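Peer 1: This is the structure, below, for whatever I ask next.
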Amino acid sequence: MSGLDLAPLWLTFRLAATTTLLLLLLGLPLAAWLAHSRSRLRPLVDTLVAMPLVLPPSVLGFYLLLVLSPANAPGAWLREAFGVNLVFSFAGLVIGSVLFSLPFMVQPVAAALSGLPPSLREAAWTMGKSRLSTLLRVELPCVRPALVAGVVMSFAHTVGEFGLVLMIGGNIPGVTRVASIAVYNEVEALNYPAAHAYAAILCAFSFAVVLLVNLLRRRAERIA
């Protein structure tokens with residue numbers, strides 16, 4: 001461990017933390033909409049949110065690579081208008097990670113919110129609370145275990161990404177080389193001690209995440 005390059009681990013947790021924060025900002029309103037909306041578009045949006053659960057990460061990474069590449073219209077516009085190149089960059093990894101981890105934040109929270117009695121929201125509205133205030137101060141505290149599980153699973157899922165990261169970010173030291181890519185590199189170089197060190201850290205983290213989620217689930221069952 002003394003000679004282990006810690007940069008991929010630091011980059012991995014930085015990516016996971018940034019992704020999780022953005023998922024909180026974007027995913028919670030979406031989860032609330034899916035839980036309460038009667039729009040005809042709801043099944044379509046729900047399907048799009050859930051697609052990363054079955055879609056190979058490399059497929060999503062491939063299409064993001066095409067969309068964000070300066071060789072195509074969206075990527076070229078970003079480069080000309082803002083001087084931003086999202087391909088093979090940390091920002092590109094964040095965008096891909098947000099899309100790929102979206103269901104892990106949205107689905108558990110939406111399921112928990114849909115299980116709350118409608119009278120809870122209606123009572124908050126009659127007291128003058130806005131929809132946003134009702135969501136933040138009334139509904140989310142009632143589904144805290146699901147919210148914590150969504151945060152933990154989103155963070156952990158981002159840590160374990162490989163195909164999408166490799167496709168859209170490549171393997172640039174200090175920029176896009178996360179821990180999962182570092183394991184692959186060390187195995188290719190036949191440096192098994194370093195690969196084992198990275199893999200052991202990720203295994204320990206995965207075990208801790210699954211244990212935490214199981215404890216939260218059991219606590220929620222006892223409360224129910």
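The values are calculated or read from the model by the stated rules, or taken from the named source; none is laboratory data. Because the structure is a prediction, the values reported are computed rather than measured. Cβ sites come from the backbone with ideal geometry, for glycine too, and all protein chains shown count toward neighbours. Ligands, DNA and RNA are stripped out before the accessible areas are found, and what is left, the full protein with its side chains, is counted by its heavy atoms. Shrake-Rupley method; radii C 1.70, N 1.55, O 1.52, S 1.80 Å.
Peer 1: At a 10 angstrom cut-off on C-beta neighbours, averaged per residue, how do the peptides 99-109, 119-129, 137-147 rank from highest to lowest?
Peer 2: 99-109, 137-147, 119-129
Peer 1: How big is the charge dipole of the chain about its Cα centre, in debye rounded to the nearest 20, if each Lys and Arg gets +1 on its Cβ and each Asp and Glu gets -1 on its Cβ?
Peer 2: 940
Peer 1: Which value, in Å², gives the accessible area per residue of the range 45-193 when a 1.4 Å probe is used on the protein heavy atoms?
Peer 2: 50
Peer 1: Going toward the positive end of the dipole of the chain, with +1 on Lys and Arg Cβ and -1 on Asp and Glu Cβ, which of Pro8, Leu135, Leu86 do you reach last?
Peer 2: Going by the charge dipole, the pick is Leu135.
Peer 1: Still on this structure, please answer the following. Out of the total accessible area of the range 156-203 (probe 1.4 Å, heavy atoms of protein only), what percent is carbon and sulfur?
Peer 2: Details: 1430 of 2080 Å².
With neighbouring chains kept in place, the figure for the range 156-203 is 69 percent.
Peer 1: Here is a further query. What angle, in degrees between 0 and 90 and rounded to the nearest 10, separates the Cα long axis of helix 144-159 from the longest principal axis of the Cα atoms of the chain?
Peer 2: The angle comes out near 20 degrees.
Peer 1: When the accessible area of the range 1-98 is split by element with a 1.4 Å probe, what percent falls to carbon and sulfur?
Peer 2: 69
Peer 1: Pick out, from Thr20, Ser114, Val59, the residue whose Cα sits farthest towards the positive end of the charge dipole of the range 1-151, with +1 on the Cβ of Lys and Arg and -1 on the Cβ of Asp and Glu.
Peer 2: Value: Ser114.
Peer 1: Also: Write down Rg/Rh for the chain, rounded to two decimals, with Rg from the C-alpha atoms and Rh from the Kirkwood relation over Cα pairs.
Peer 2: A ratio of 1.03.
Peer 1: Quote the charge dipole size of the range 91-224 about the Cα centre in Debye, to the nearest 20; the model charges only the Cβ of Lys and Arg (+1) and of Asp and Glu (-1).
Peer 2: Working: 10 positive and 6 negative charges, 137 e Å.
Rounded to the nearest 20 debye, it is 660 debye.
Peer 1: Still on this structure: Gaussian network model of the chain, Cα springs within a sub-10 Å range: biggest mean-square fluctuation belongs to which of Ala179, Ala204, Ala149?
Peer 2: Looking only at Ala179, Ala204, Ala149, the biggest GNM fluctuation is shown by Ala204.
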